[in-house]
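The values are calculated or read from the model by the stated rules, or taken from the named source; none is laboratory data. Please read these numbers as outputs of a predicted model, since none were measured by experiment. Cβ placement follows ideal geometry from the backbone for every residue including glycine, while neighbour counts extend to all protein chains displayed. Keep in mind that these areas ignore ligands, DNA and RNA; they rest on the heavy atoms of the full protein, side chains included. Shrake-Rupley method; radii C 1.70, N 1.55, O 1.52, S 1.80 Å.
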Amino acid sequence: MKAFREDFLWGGAVAANQYEGAWDVDGKGASVSDMCTNGTHTTPKRITAVIEPDTLYPSHEAIDFYHHYKEDIALFAQMGFKTFRLSIAWTRIFPTGMETEPNEAGLQFYDNVFDECKKYGIEPLVTISHYEMPYALVEKYNGWEGRECVDLFVRYCEVIFQRYAGKVKYWLTFNEINSGTMPLGNVLSLGTVRGYTGSVMEVPDDPKIRFQALHHQFVASAKAVKLAHEQYPDYQMGNMICFITKYPYTCNPDDMILTQKEMQMTNWFCSDVQVRGYYPSYAERYFEENGIVIQKEPGDDALLKEGTVDYYTFSYYMSTCTGIAPEGSATSGNLVGGLKNPYLKASDWGWQIDPKGLRYTLNEIYGRYQIPLMVVENGLGAYDKVEEDGSVNDDYRIDYLREHIEQMREAAADGVDLMGYTPWGCIDLVSASTGEMAKRYGFIYVEKYDDGTGTLARRRKKSFDWYRQVIASNGQQL
Ligand code: BGP
């Protein structure tokens, strides 16, 4: 059977706001994530318009990668990482997003991180914006609703593209940009939450504002890609989609149509724009039925065409079902819920585990676009137990990852051009959806708990050695 490419990029993924900590150190400003409290699977986290006293904000310390980066990157190197997907916190470079001069200390931090990666031959894969836009832009412009954010984002890109030339080659513009097609996207992705304090699940939603804000992200992404292509020919520019594969609940044609419609507007819409360079025709009907009229500036359409991405990346954790279903069949999930699939088991957080769905999804995406793909997030959020001897025997995580890697290999054999794989949260970090530490994904355990306490000590889990052998054998030894 066809194996993974020789130059397959094995690694792991994280995001600044979920692991760096040092949220106000060395001139850093507050991002939208820094305004989010902790929550649980059943009690949603809150976003607050000001920092409240005696309240835990998990991003503020997170796992303090800011002061542990050497130790952590050395551990990644021990596993044999070829790549490390991380994000740059916009607020380290431009604390409010509106300064004209960047913050040197912030720039220096990422120099240090990239240099450390290079020391071990690890290629950084950088997400430019991963749920961490400056909160000052939320206050001033209602986040991405303001067209002004486009130029501010491009200025940020100009600075980091120039500064890290020679150190970074692979870039992704917006993490899970399609979260803006869903109400939850108002908070972390679009920042359209000016003045709002309350549960992240109950943010007032106006699809007209949401899709306008998303349009601004499309334009910003296209401008960044265009800039990179013109000035840094070796840069590889990608998009990033939260792909939640949907199966029809039954073979009832009504379920089929419903599924197709949901797949279009949640999974395909953004990448159709970012890969093909124009709004897909099916969106017109959706806009019409929802009273959405996108305000475009002259030149926007041309820009979308000129700023198409070189490769497609996505997160894949689960699949779900869509249809007209009996009561009680709902499930929870990443960004959206859906209906339970009787053939699948779910994680402790209710995310349905579906390795074969990954093979199916890779085939669907590649069939549509025929550009290289990369799975930049995947993994099992689980409760881990530290044994008395200090070991963490996370066989459930190994099983999850093994089954997904097997299916990626099947997809490669199906002819899909797969560039790499960076499982999510390669070191334990703060959960994006709940703010918990207890929802762990890592190969590396971090002693940090939900109440904010912990020594921050790192220890290797059983999956650490397992993953090292996977990488060493280029995915043959699973
Ligand atoms: C994706 C986000 C990540 C990450 C992951 C896991 O949606 O891009 O930031 O956190 O999901 O989700 P969670 O942390 O909620 O378990």
Residue satisfying condition, being touching a strand residue (DSSP E or B) at 6+ places or on another chain (Cβ under 7 Å) and either of a type outside the set (Ser, Thr, Tyr) or open to solvent by 30 Å² or more (accessible area, probe 1.4 Å) (or both), within set 393, 341: 341
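For the structure I just gave you, tell me whether residue 246 is surrounded by 21 or more Cβ atoms within 10 Å (Cβ to Cβ) and charged (D, E, K, R).
Spelling it out, residue 246 is indeed surrounded by 21 or more Cβ atoms within 10 Å (Cβ to Cβ) and charged (D, E, K, R).
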Per-region count, the range 238-287, residues within 16 Å of the ligand (Cβ to nearest atom) and touching a Lys or Arg at 6+ places or on another chain (Cβ under 9 Å): 3
Wholly within the range 66-151, helices (runs of 4 or more DSSP H) carrying at least 1 residues that are touching a Phe, Trp or Tyr at 6+ places or on another chain (Cβ under 6 Å): 90-93, 104-119
Whichever residue in the range 156-173 is aromatic (Phe, Trp, Tyr) and part of a strand (DSSP E or B) and, among such residues, is most open to solvent (accessible area, probe 1.4 Å): 170
The range 225-253: number of residues that are under 17 Å from residue 127 (Cβ atoms) and in a strand (DSSP E or B): 7
Counted residues, the range 363-385 - those being more than 17 Å from the chain's Cα centre (by Cα) and either away from the ligand (no atom under 14 Å from the Cβ) or acidic (Asp, Glu) (or both): 12
Complete set of residues in the range 1-38 that are in a loop (DSSP other than H, G, I, E, B), within 14 Å of the ligand (Cβ to nearest atom) and open to solvent by less than 10 Å² (accessible area, probe 1.4 Å): 14, 15, 20
Tabulated pairs, the range 451-478, first surrounded by 13 or more Cβ atoms within 10 Å (Cβ to Cβ), second of a type in the set (Lys, Arg), C-beta under 7 angstrom, 6+ apart or interchain: 454/448; 456/448; 463/397; 475/409; 478/402
Extreme residue, nearest to the ligand (Cβ to nearest atom), among residues of the range 402-427 that are surrounded by 23 or more Cβ atoms within 10 Å (Cβ to Cβ) and in a loop (DSSP other than H, G, I, E, B): 425
Search result, residues across the range 352-372 that are crowded, with 21+ Cβ neighbours inside 10 Å, hydrophobic (A, V, I, L, M, F, W, C) and farther than 13 Å from residue 415 by Cα: 358
Where residue 80 falls short, out of the listed (1) more than 29 Å from residue 141 (Cβ to Cβ); (2) open to solvent by less than 20 Å² (accessible area, probe 1.4 Å); (3) in contact (Cβ under 8 Å) with a residue 60 or more places away in the chain: (2)
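With the structure loaded, tell me whether residue 315 is modelled with pLDDT under 95 and polar (S, T, N, Q) or whether it fails that test.
Against the criterion (modelled with pLDDT under 95 and polar (S, T, N, Q)), residue 315 does not qualify.
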Members of the range 261-282 that are open to solvent by 40 Å² or more (accessible area, probe 1.4 Å) and either of a type in the set (Gly, Ala, Ser) or not in a loop (DSSP other than H, G, I, E, B) (or both): 261, 262, 276, 281
Qualifying residue in the range 433-446 (condition: open to solvent by 30 Å² or more (accessible area, probe 1.4 Å) and within 16 Å of the ligand (Cβ to nearest atom)): yes
Pick from the range 177-219, criterion assigned to a helix (DSSP H, G or I), more than 15 Å from the ligand (Cβ to nearest atom) and of a type in the set (A, V, I, L, M, F, W, C), ranking: surrounded by the fewest Cβ atoms within 10 Å (Cβ to Cβ): 209
